[in-house]
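Just below is one structure, and these are the notes that go with it.
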Amino acid sequence: MTRNAFASTAGAGHVTGQNAARDAIRGAHSEAAPVPRSGPAGPVADGATVGCVPAAASGAGFRSVRVLRAGPVSLRFRPRELLVAAVLTAALLVAVTVHVALGGTPIPFGQVLAALAGQPVEGGVGLVVTEFRAPRTVAAVLVGACLAAAGAIMQTVARNPLASPDILGVTSGASAGAVAVLVLAGSGAVGVAGLAASVGMPAAAFTAGLAAGVAVYLLAYRRGIDSYRLILVGLGVDGLATALTTWMLTLGDVTNAAQALTWMTGSLNGKDWPLVLPLGAAAAVLLAAAVAAGRWLLLGALDRDTAVAIGLRLGRVGLLSLTLAVLLAAVATVVGGRVVFVALASPQIARLLTGSPVPPVAVSALVGAVFVLVSDAVAANLFATPLPVGVVTAVLGAPYLIYLVMRPPRRTS
């Protein structure tokens, strides 16, 4: 190749790169009508997220983007994702009703719906539904939604389906903090010990979960976040937190050890409104922020060169996203203890249902809420001796983890 030919080819490549970057920026920051183009899988519409996605990552989730305009306001959505979210919302309402109705004394569905709607119900059913069973149901929804949303964020940032609060040591760190207060302060019902056990345990669990997340990030960061290093460091922190928890159990009495098992295996027994309401408010804010961050998570899932070309600061997006995921996981652990495999499996189930290239946060939260509700109903009613909800989620999620480890890697061209 002559020097002039080489220069001409290089110049054309540079112009093509500039055009691709300009199209990506327009797709990320404008609401212009999509321009059709062609790719390996056929015609693909350029839009807010479609135009900036390489052909290898373009799937049905990107090709089905639609734009809804109302004056100066426009909204991009995917019909399939909205349909799946509507179906899951209906399933969640059914699961909530069934979860409240089941128990030592089953309650007819009509009376459950009337009590939840605030209508008077005879025979004290309203009190049973609103004060005894509803807090546990709300706690199950909070735990499932927060864990699933945290898992969706972590898997998107790490680009690895194995990334979840269970694997990265966040939930085990929170459990270790709660067990530490339980062992050191005791489980007395009065005095300083009782106050420390009832108030200090949630605060210690939340703080320890945050500390575990920060430790994983700092140890795994090397000019960016590498997926494999993040998983390995997370496994190390998880093992350390589990070992500390086991060691602390040897220092306490039998009563403390039995109570600590609820934090280690995950349980929704004994939940009441004073615990659920403030954490529910915090979870609502965090979930709203996670759903709002979904657009930037989608852009952050692109390859590094394309993300930099559209002006995305990957380090800042990754740090803020992981911080949000750690907060969600810590809140869930404070409410229900270490409920495993929900954050691991729910995002991938949501991704398969929607056909999205990355796990959608909102749909993942709905899948997680339904998952925990069904698991808790099975754990509390199917066996002669009620089981912690974490046992059922582990039994259902362990085969999925084995599948993730053994399946061949996906190839992209």
Open item on the list: Looking only at the range 257-316, filter to residues that are of a type in the set (Ser, Thr, Tyr) and at pLDDT 75 or above; which one of those is surrounded by the most Cβ atoms within 10 Å (Cβ to Cβ)?
Closed with: 267
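Condition check ((1) within 13 Å of residue 172 (Cβ to Cβ); (2) in contact (Cβ under 8 Å) with a residue 40 or more places away in the chain; (3) in a helix (DSSP H, G or I)) across all residues:
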{"site": "229", "(1), (2), (3)": "no, no, yes"}
{"site": "232", "(1), (2), (3)": "no, no, yes"}
{"site": "240", "(1), (2), (3)": "yes, yes, yes"}
{"site": "245", "(1), (2), (3)": "yes, yes, yes"}
{"site": "251", "(1), (2), (3)": "no, yes, no"}
{"site": "261", "(1), (2), (3)": "no, yes, yes"}
{"site": "269", "(1), (2), (3)": "no, yes, no"}
{"site": "275", "(1), (2), (3)": "no, yes, yes"}
{"site": "282", "(1), (2), (3)": "no, yes, yes"}
- [ ] Would you mind stating whether residue 375 is in contact with a Ser or Thr (Cβ under 7 Å, 6 or more places away or on another chain), over 16 Å from residue 264 (Cα atoms), modelled with pLDDT of 85 or more and in the same structural domain as residue 276 (by TED's automatic domain parsing)?
- [x] yes
TODO: Looking only at the range 209-227, decide whether some residue is modelled with pLDDT under 85, assigned to a helix (DSSP H, G or I) and over 20 Å from residue 338 (Cα atoms).
DONE: yes
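Restricting the search to the range 138-173, which residues are among the polar types (S, T, N, Q) and surrounded by 24 or more Cβ atoms within 10 Å (Cβ to Cβ)?
155, 156, 164, 171, 172
Rundown of residues vs (1) of a type in the set (A, V, I, L, M); (2) farther than 25 Å from residue 278 by Cα; (3) surrounded by fewer than 18 Cβ atoms within 10 Å (Cβ to Cβ), yes/no style:
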{"site": "319", "(1), (2), (3)": "yes, yes, yes"}
{"site": "334", "(1), (2), (3)": "yes, no, no"}
{"site": "357", "(1), (2), (3)": "no, yes, no"}
{"site": "367", "(1), (2), (3)": "yes, no, no"}
{"site": "400", "(1), (2), (3)": "no, yes, yes"}
{"site": "403", "(1), (2), (3)": "no, yes, yes"}
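Looking only at the range 59-96, filter to residues that are of a type in the set (S, T, N, Q) and within 22 Å of residue 353 (Cβ to Cβ); which one of those is modelled with the highest pLDDT?
For the range 59-96, the residue satisfying everything is 89.
The values are calculated or read from the model by the stated rules, or taken from the named source; none is laboratory data. Keep in mind the model is a prediction, meaning the values are calculated, not measured. Don't worry about glycine lacking a Cβ; one is built from the backbone with ideal geometry, like all the others, and counts go over all protein chains shown.
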